[in-house]
Amino acid sequence: MGRRRKMNGMALFMYLFGGIWAVVGTIFLVTGLVGFLNADSQPAFLNLMFTGLGGLFAAIGYTILLLQVFRARRKKRLLENGRRVYAQLGEIYQDTSVAVNGRYLWRVSCQYMDERGTMHIFRSDGLNFDPSGLLTGLQIPVYLEEGRPDHYAVDLDAVLPRIEIH
């Protein structure tokens with residue numbers, strides 16, 4: 001049985017964000033459509049507004065959810081079937097472009113030189129903690145899709161100890 005991986009903070013936020021938009025949009029959409037069936041009860045403009053906004057909100061929410069599901073599936077597929085290479089630890093930095101609960105996520109950057117002499121730089125998913133003192137090895141496994149080095153998964157679970165944040 002494989003290791004169970006915890007969802008990072010940004011992925012959890014996106015699932016919740018997309019789920020809320022999808023639920024609110026679906027409720028608005030159903031309310032608008034039911035209003036069209038009972039045309040005497042409300043003005044047509046109100047039904048049209050609920051249906052339009054509901055459809056828009058639902059489309060945004062379901063799109064966010066689908067993107068997250070596809071991203072998680074790709075990562076799982078890469079970890080199971082991807083070509084494993086070992087990349088050299090580059091740097092550990094805070095990604096200031098993304099903040100979760102007012103805190104910036106940490107990322108690990110690693111470098112790999114392929115057989116053609118091309119240097120590839122891979123970035124890990126966001127971490128909720130600074131892994132600087134916890135990295136046990138300088139070689140980090142990265143799983144690549146054959147022929148698509150831009151599709152990759154950095155396996156920090158292989159080099160980091162088990163971590164529980166309380």
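The values are calculated or read from the model by the stated rules, or taken from the named source; none is laboratory data. Since the structure is predicted, the reported quantities are computational estimates derived from the model, not experimental observations. So basically every Cβ, Gly included, is an ideal-geometry build from the backbone, and we count neighbours across all protein chains shown.
Answer yes or no: is there a residue in the stretch 84-95 that is in contact (Cβ under 8 Å) with a residue 40 or more places away in the chain, touching a helix residue (DSSP H, G or I) at 6+ places or on another chain (Cβ under 9 Å) and surrounded by 12 or more Cβ atoms within 10 Å (Cβ to Cβ). No - not one qualifying residue is present in the stretch 84-95. Annotation: of all residues in the stretch 1-23 being surrounded by fewer than 16 Cβ atoms within 10 Å (Cβ to Cβ) and at pLDDT 80 or above, the one that is farthest from GLY61 (Cα to Cα) is LEU16.
Scanning the stretch 126-166 for residues that are assigned to a loop (DSSP other than H, G, I, E, B) and at pLDDT 90 or above yields a single hit, ASP155. Here TYR104 fulfils each of the conditions (1) touching an Asp or Glu at 6+ places or on another chain (Cβ under 7 Å); (2) within 15 Å of HIS151 (Cα to Cα) apart from (2). Does VAL108 satisfy the criteria of being surrounded by fewer than 17 Cβ atoms within 10 Å (Cβ to Cβ) and within 19 Å of the chain's Cα centre (by Cα)? Answer is no for this residue.
Kindly provide the set of residues from the stretch 37-57 that are loosely packed, with under 14 Cβ neighbours inside 10 Å, assigned to a helix (DSSP H, G or I) and over 32 Å from the mean Cα position of the chain (by Cα), ordered by number.
Taking the stretch 37-57 and keeping what is loosely packed, with under 14 Cβ neighbours inside 10 Å, we get 37-41, 43-46, 48, 52.
Applying the additional criterion that residues be assigned to a helix (DSSP H, G or I) yields 37, 44-46, 48, 52.
Within the stretch 37-57, LEU37, ALA44, PHE45, LEU46, LEU48 qualify.
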